[in-house]
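Below is one structure; the comments refer to it alone.
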Amino acid sequence: MAGRKPSLRAVSADEAPPEPSKPLTLLEAIEAGVYLEILKAQRREMVRDVGDEKGPAKAAMHRQIALLSKEIASLDAEAQQEADEDAEVPDEPLDATAL
């Protein structure tokens, strides 16, 4: 589902953090075929457009935004759990004096 997290590494004092990636447009997300990115792009478009709506249409959009947000949170949590399970934790060296 989600790609592996990059392994941690030490950085030098003069190293700048990476630039955050620009969110995909809905078309880009669909072309990439990544379901989570499609949902996020849909939510961004709905949030942008909800201010133009009134009455029942506005209420319906709010419900849809809430549903999308819940599904996105669920998929993010699932991806985080998979990443945590896949993370390799090195064994500590054996301290024979502790025995």
Original post:
Taking segment 27-45, which residues are surrounded by fewer than 16 Cβ atoms within 10 Å (Cβ to Cβ) and not hydroxyl-bearing (Ser, Thr, Tyr)?
Top reply: Leu27, Glu28, Ile30, Glu31, Ala32, Gly33, Glu45
**OP:** List every residue pair whose Cβ atoms sit under 8 Å apart, with the two residues 6 or more apart in sequence or on different chains, where the first one lies in segment 68-86 and is closer than 18 Å to Ile38 by Cβ and in contact (Cβ under 8 Å) with a residue 60 or more places away in the chain and the second, anywhere, is surrounded by fewer than 13 Cβ atoms within 10 Å (Cβ to Cβ) and of a type in the set (Gly, Ala, Ser).
**Re:** none
Subject >> Subset of segment 1-26 that is at pLDDT below 90 and surrounded by 10 or more Cβ atoms within 10 Å (Cβ to Cβ) - its residue that is nearest to Ala83 (Cα to Cα) >> reply: Lys5
Original post:
Does Lys58 meet the test of being among the charged types (D, E, K, R), within 18 Å of the chain's Cα centre (by Cα) and more than 30 Å from Pro90 (Cβ to Cβ)?
Top reply: no
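The values are calculated or read from the model by the stated rules, or taken from the named source; none is laboratory data. All values reported here derive from a predicted model rather than from experimental measurement. Glycine gets a Cβ as well: all are built from the backbone with ideal geometry, and neighbour counts include every protein chain shown.
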